[in-house]
Amino acid sequence: MKKIVSIVCLFFSLIGFTQDLKQPREGKSVVYFTRTSGFGMLINFKYFDGENYLGKFNYGKYLAYECEPGKHLFWVKAENFDFVEAELEAGKIYIIDAEPQMGAIKSGVKFVPFDNNPASYKDEKKYLKKKKLIVDSIIKNKEYTLSEEDYNEEKKYNLDDVIKKGIEKYNKKVEEGFVFAKMTSEMNYQ
């Protein structure tokens, strides 16, 4: 009985949470970039949409990025690079979690699109746990916004070179037949 009550409470809190998310303007999509794990909490990850720099932040923040629907290449840089190929639908919200990984010198990162379909997980408990981590991450953490000052600071440290290197890394992996994580339009949060 206690288990059923906790699942019902979680369900209703998640329904209310959806209403608190930044809704996309008409004809747009919103992608939330979260960090639900505190591992490597002081390490900043840099976030990109293709050749567009979105910013960098560490654990305790999230980014709500409004963009055009359609195809996107979202990527993140830490000690390594990781990529998500996305197909976004207008009027929908999507979530990608940046999961810290053990690195050689500092933290690596794995980009994981959140699929809001419980059937895509091995069991419902794993789905509910991941969803709760994401909800908690957005509710408890601070929204990150790229300031002009932050952007100019990154430009001083060869941001153009990082973008070039990231896109080259992606293209090389594609040529080698590597399959990246996909975010389909059906994986929206609504």
Query raised in the report: aspartates and glutamates near Lys131 by alpha-carbon distance under 12 Å, same-chain residues fewer than 8 away left out - which ones?
Result: Asp97, Asp115
Query raised in the report: How many Å² of accessible area per residue for the chain, probe 1.4 Å?
Result: 57 Å²
Requested in this report: Filter the cross-link list Lys71/Lys155; Lys156/Lys182; Lys46/Lys156; Lys129/Lys182 down to pairs whose alpha-carbon distance in this structure exceeds 23 Å.
Outcome: Lys71/Lys155; Lys156/Lys182
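Exceeding 25 Å between C-alpha atoms, which entries from my cross-link table qualify? They are Lys122/Lys173; Lys106/Lys165; Lys110/Lys173; Lys22/Lys172; Lys130/Lys172.
Lys122/Lys173; Lys22/Lys172; Lys130/Lys172
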Query - Descending principal axes extents, the stretch 46-96, alpha-carbon based, whole Å - result: 31, 21, 15
Query - Amide H partners (placed H, <5 Å) of Tyr189, local residues excluded - result: Ile93, Tyr94
Query raised in the report: How far is helix 2-20 tilted, in degrees, relative to the longest principal axis of the Cα atoms in the chain, given as a value from 0 to 90 rounded to the nearest 10?
Result: 50 degrees
Query raised in the report: Pick the calculated Rg/Rh (Cα atoms, Kirkwood Rh) for this structure from (i) 0.93; (ii) 0.97; (iii) 1.06?
Result: (ii)
Report task. Using a 1.4 angstrom probe on heavy atoms only, work out the carbon and sulfur share of the accessible area of the chain in %. Result -> 54 percent
Requested in this report: Kindly provide the helix-only [θ] at 222 nm of the chain, computed as the sum of -39,500 (n - 2.57) over DSSP H runs of four or more divided by all residues, to the nearest 500 deg cm²/dmol?
Outcome: -11000 deg cm²/dmol
Query raised in the report: So what's the net charge close to Glu175: Lys and Arg +1, Asp and Glu -1, counting the other residues with Cβ under 14 Å from its Cβ?
Result: +1
Report task. Extending each Cα 7 Å along its Cβ direction at Met41 and Tyr157, get the distance between those two points in nm, one decimal. Result -> 2.1 nm
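The values are calculated or read from the model by the stated rules, or taken from the named source; none is laboratory data. No experiment lies behind these values; they were computed from the predicted model shown. Counting neighbours? That spans all protein chains shown, and the Cβs are built from the backbone with ideal geometry, glycine included. Accessible surface areas use protein heavy atoms only, side chains included; no ligands, DNA or RNA. Shrake-Rupley method; radii C 1.70, N 1.55, O 1.52, S 1.80 Å.
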